[in-house]
Structure formats: C-alpha cells, structure tokens
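In what follows, a single structure is set out as structure tokens and then discussed.
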Amino acid sequence: MTASDASSFDTTVANVARTYDFYLGGDTNFPVDRELAEQTLKRVPQVREMARENRAVLQRMTRYLAEQCGIRRFLDIGAGLPTRGQVHEVAQATDPDVHVVYVDYDPVVILHSQVMLMPHQNVHIIRGDVRDPAEILTAPEVRELLSPGEPVALLLFAIMQFVPEHHFAYRVVAELVDALPPGSYVAMSHPVRNEASDPFAAVVDLYANTDTATIAKRTPDGIARFFTGLDMVEPGLVPVNEWRHDGQDAVDVHGWNFAGLARKP
C-alpha cells in the first residue's frame, strides 16, 4: 500500500466496513460512517446485535474448522476492519502455524490491518474485490496459500449480499470454489429476505449513497444455491444464532441472517 493508495479513500462517503466496525464497538470509523450507522439503528435497532451475532458465528465456524476439521489454511474475503477475535486469532489458538489470507477492497481496511497484523506470522492481507475472483486467485499470497494442495477454508461472511446480480454472484462463488483443493470448506453468512418482516427494506435507501450502493435480497433457497455441489455440515443453512451455538446467551436476530458451512468433495 503506497502513500497515494492511503490518500485515495474518501472519508466523506460512508463505508460499509467502517459502519460494521461501529456496530461491533470498534473505533476505526469516521463521522459519516457513524451517522449512517445511527440512522440505520433508528430504523432497525437490531442491526447492532445482528452484526455481533454474525461475528460470533464466524468465530464458531473458524474454531470448528481448526479444531474438528484440521484446517490450517484460511482465505477470508470481505474480511473488514481488524477487531478482537479475528480469524487468525481464533484459528492460531489451535495451531500457531495456521496460515490466513484476508482480502478486502477498502484501503482503510488494508492500512489498519497491515499495522495490526505486523506482529503475526503467516497472516497477510491483500486488496481485492470479491466481484473479481480471478484477481484474488492470482495474487501471490493466495497462490502460495493454495499451492500445497491442502484443504482451505473459504470464508464469505456478510459479503455476497453486496453482489446483487444473482447469476453473477453464483458464478463468482463457483469460480472461487473451483480453485479450492478437495476437502476444502466454504463458510458463508448472508442476510435473508423475509416477505413478512424485511428489515433491509427499511434501510436500503440509506445505503444508496455509500460505496456499496445495492444490497441483494435472497431467500434461504437462494442462499443455499451458493453451496451447490458441496456437502453441507450439520445443522445446515440456519439462522446464525442456531449454528452450533456454544452455550453463551444467543441473540434473537429473528432469522434475518443465515449461515452455513459445507465441504468440497
């Protein structure tokens, strides 16, 4: 990341990753991000709990993959800003030699993550856009991650809703999955459309002026299509707070966000 890259981001335009950081209690956000977050919370007060439960299921899946599945290589696309309980912290608690490559398109995320990750071995962050999987897969850090042919965990948490064109979104994930060695895993969370009570309908206009303007609405069946050809791990595609909850008090997120984990044969 060069100085010109560092100065290229616009702090006057709200950013999805930075608003998410605000919901998680982080401090890597700007007034415009906090304003958007507060407006969103006025319409959908549960958004903060939804963000935190999404982070919690990411941690549970990472722990399961490292402890139960023996996964030692993780590719986290749309990683967001560094906060406590990141993938490398959870996975390296099982094995310090775990390799993690984070991918994000936001220069603020890259800059902060580079500083945070400096002391950590086998952990990298690169700039990339999930809508361009070829660019991600040809990055030197990702090629190195995939080159031994060992199983890799592909993490796609709260990212694919920002790829609104359905057929294109499925092709993106299929291209990423095709590049994974056999025995790899795909973990994903995605907000679900609920015709009776759709919280995202209340905030979609607020996000129209952000750097990610469109939020896709998909049914559970539509989300399940991302896992086509993979073997789902129990309990399947379920609300995030129902996926192998570890006994802590669950947050009632009304089934608005689903998560699933599947293995590539």
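Structure notes:
- Among the conditions (1) closer than 19 Å to Val177 by Cβ; (2) without any contact (Cβ under 8 Å) to a residue 24 or more places away in the chain; (3) open to solvent by 80 Å² or more (accessible area, probe 1.4 Å), the only one that Arg131 does not satisfy is (2).
- Single unsatisfied condition, Tyr105 versus (1) free of Cβ contacts under 8 Å to residues at least 40 places away in the same chain; (2) touching a helix residue (DSSP H, G or I) at 6+ places or on another chain (Cβ under 8 Å): (2)
- Of the residues examined, Glu175 is not one that is under 17 Å from Arg218 (Cβ atoms), open to solvent by 10 Å² or more (accessible area, probe 1.4 Å) and of a type in the set (Asp, Glu).
- Extreme residue, farthest from Thr219 (Cα to Cα), among residues of region 143-164 that are touching a Pro at 6+ places or on another chain (Cβ under 8 Å) and of a type in the set (A, V, I, L, M, F, W, C): Leu146
- Residue that is surrounded by the fewest Cβ atoms within 10 Å (Cβ to Cβ), among those in region 22-41 that are at pLDDT below 85 and touching an Asp or Glu at 6+ places or on another chain (Cβ under 9 Å): Asp27
The values are calculated or read from the model by the stated rules, or taken from the named source; none is laboratory data. Because the structure is predicted, anything quoted here is derived from the model rather than measured. So basically every Cβ, Gly included, is an ideal-geometry build from the backbone, and we count neighbours across all protein chains shown. For the accessible areas, the whole protein counts, side chains as well, though only heavy atoms, and no ligand, DNA or RNA atoms are used. Shrake-Rupley method; radii C 1.70, N 1.55, O 1.52, S 1.80 Å.
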